[in-house]
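Please read the structure below before turning to the comments.
A short reminder: the numbers here are calculations on the coordinates, not readings from a lab. Just so you know, these numbers come straight off a predicted model, no measurement behind them. As a convention, Cβ positions derive from the backbone with ideal geometry for all residues, glycine included, and neighbour counts pool all protein chains shown.
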Amino acid sequence: MIEILSLPFMQRALIGGVLIAIMASFYGPFIVQRRLAFLGSGLAHAAFGGVALGMYLGKEPLLVAIPFTVLVAVAIVWVRAHTDLGADTAIGVFISLSMALGVIFLYLREENAADATTYLFGSILALNRGDIYLSCAALVACLLSLPLWGRWAYATFDETLARVDRHPVMRDEYLLLVSVAVLVVISVKIVGILLVSAFLVIPAASARLISHRFIHMMGWTLLVNVGGVIIGLLASYLVDVPSGPAIILVQSAAFLLAFVVHRVAGVR
Amino acid sequence: MNTMAVEVENLSLRFGDTIALREVSFYVAPATFTAIIGPNGAGKSTLLKVILGLLTPDSGGVSVLGQKARSLDRGIAAYVPQKKTFAGQFPATVLELVVSGLTGTWPWRISRTHRERALRVMERTGVGNLANQSVQALSGGELQRAFLARSLVSKPQLLLLDEPAAGMDIRGEAAMYHLLCDYQAESGATVMMITHDWEGARCHADQVLLLNRTVVGFGSAQEAASEERLLSLFGHRGHVHETHAGAADD
């Protein structure tokens, strides 16, 4: 075990994975409670469009993907706020648009197509120092939004009551979704576009099943997320399977366990 | 000149082609209890939301204790909504719900002072024994009493309630009226409550606002909500009157 932890690529994978897990644990419960579970997947697909645009422009893909995905997040909130369409519909529209743009950008520079698959499935074992620094910067941004926790939670509980107490509910929602968009883009390098929403949804959903206080839900989400990264990474090395899916299998096992506890203990 | 608790002048509001409120004007004096009565779709809930500053009228103005409704300071008004939009999905205890009314944000931890203050109000509304209960486990009546405690805990000067008795049994409803009257007497607060309970309004309210997108009547219960007005507004006088009338006919 110590031998595994002494491998530099494994150390970087553990650090990067745990950093992403901590951030996803902060935002995930809000996403699940606001019934925006589809959002993580939607923004990850938007990130694909941004990555493809970055490749087409010959720039660092993630640095182009971040503003692109943030723009999509803002557009989703704006469409929700100004139409009667549900969140799932608004997200569905922008998933299709982003994917279409991504495919066109890759088509225009076919030599990038192979690199793009890296972002589809992620490569946590290939993280470099730059990726770790980027994740640290995102964690700092996440910590700066800690004072918003109470307001976000309040508006998640009841938007009308939050407005009565003079909270800028709409502005806060933009901030939340923009923060999630940044997290999603950074996570794409680690777990890939296809699996990124799992970090936001599965641990929070598991935690919801066994929590009757929101703060407890946050704690359980953190435990499942961080535990999933550590156990999943070690298991993937020992059994020799891809790391991203291994992490998500561990998270899913935690969900199953939480479901059993929920049914047996009757947590509401 | 004394500042009115609520001043509504020529208030009009449309949702698309639908007129929600038309040239509504009335004044509510401080430390009074006003019952708002009207048929479904009469604009009652919309009116409360305009007073709270949640909706902007197309024309006219609303001021609350001398402040514009849109820029009303936090904590002056408390609100018990008709629809609990959290839909029972949010993991919260009753104590957290009540304390949120005190802090104006969601509490990640609850101080002893806040806990004690919340528990005192919860005792009064009859949910003192449910502090650590999940809000999802509450019955409709218990949830209403928990929201009532939440609205009272910050000692607001203006209390706006949208059908707070919905889901309560007859004893709970009577207790709620007494609690509101006691709170008003103790604190000098102004209470405005939407209700379909004409008898309760007649017994407890200082005045009745009869609304059907515009003001149909405003004043004491006897003058504003006379049987003739209710009959013309609802096409019905209510079961109590019907029974009495039937008995009299016999």
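Per-structure values
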{"quantity": "Of B:P91, B:P30, B:P156, the one that fluctuates the most in a GNM where chain B has Cα springs shorter than 10 Å", "calculated": "B:P91"}
{"quantity": "Selected from A:S179, A:S96, A:S206 as most flexible by GNM, with chain A as the system and alpha-carbon contacts under 10 Å", "calculated": "A:S96"}
{"quantity": "Efficiency of FRET from Cβ geometry, B:N10 and B:S71, R₀ 30 Å, rounded to 0.05", "calculated": "0.95"}
{"quantity": "Relative contact order for segment B:84-154, counting Cα pairs under 8 Å that sit 6 or more residues apart, in percent", "calculated": "45 percent"}
{"quantity": "10 Å Cβ neighbours from other chains, averaged over peptide A:150-158", "calculated": "6"}
{"quantity": "Projected label distance in nm at A:L71 and B:D182, using a 7 Å step from Cα toward the beta-carbon", "calculated": "6.1 nm"}
{"quantity": "FRET E, pair B:D58, B:Q82, Förster distance 30 Å, beta-carbon r, rounded to 0.05", "calculated": "0.85"}
{"quantity": "Rounded FRET efficiency, nearest 0.05, which uses the C-beta distance separating A:V239 from A:R263 and R0 of 35 Å", "calculated": "0.75"}
{"quantity": "Gap separating the Cα centres of segment B:46-63 and segment A:5-35, nearest whole Å", "calculated": "45 Å"}
{"quantity": "Trypsin sites (Lys or Arg not before Pro) within segment B:108-160: DSSP coil, no more than 11 neighbouring Cβ in 10 Å", "calculated": "B:R109"}
{"quantity": "Neighbouring partner chain Cβ atoms per residue of B:71-81, average, 10 Å criterion", "calculated": "2"}
{"quantity": "Inter-centroid distance (Cα atoms) of segment B:118-135 relative to segment B:13-32, Å", "calculated": "34 Å"}
